[in-house]
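The numbers here are math on the coordinates, done by the rules we state, and not lab data. None of these values were measured; they are calculated from a predicted model. Glycine also receives a Cβ, built like all others from the backbone with ideal geometry; neighbour counts cover every protein chain displayed.
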Amino acid sequence: MFYGACCHGCFVAGVGTMMIMMFFGMSRSFGVLHAPWSYLANALLLAQFPLLHSMLLSRRGHEVLRRLAPHGLGARLAIAICDHGIVTAIF
C-alpha cells in the first residue's frame, strides 16, 4: 500500500509540476542556459524520453524495475513503474 502511494504521489507531483509550468507559459525555471549550452540541453531533454522509455521497456530494464517493486509484485508492476517514472522524470 505504501509503495503504491509513493508511486502515485510522485506521478501526481510530476503532472502537477507540468500543469503549473504550462499555466505560466513555460516561462518559469530554475535558471537560464545561454547558447550553445541551451541547444545541447534541449537536445538531451528531447532524447531522454525515447531512450529512457526504450531502455526501461527492454528485458534488462524490466529486471531493474522488478527489483524496485516490493517482492512478488515487480513482474506485474514493471510497466506502471516505467510510465510513472518517466512522467515524473520529464517534469
Q) For the residue pair residue 13 and residue 47, what label-to-label distance in nm results when each label sits 7 Å from Cα along the Cα-to-beta-carbon direction? A) 2.7 nm
Q. Nearest 0.05, what FRET efficiency do residue 37 and residue 73 give at R0 = 41 Å with Cβ-Cβ as r?
A. 0.50
Q | Pair residue 3, residue 30: separation of 7 Å Cα→Cβ label points (nm) | A | 2.8 nm
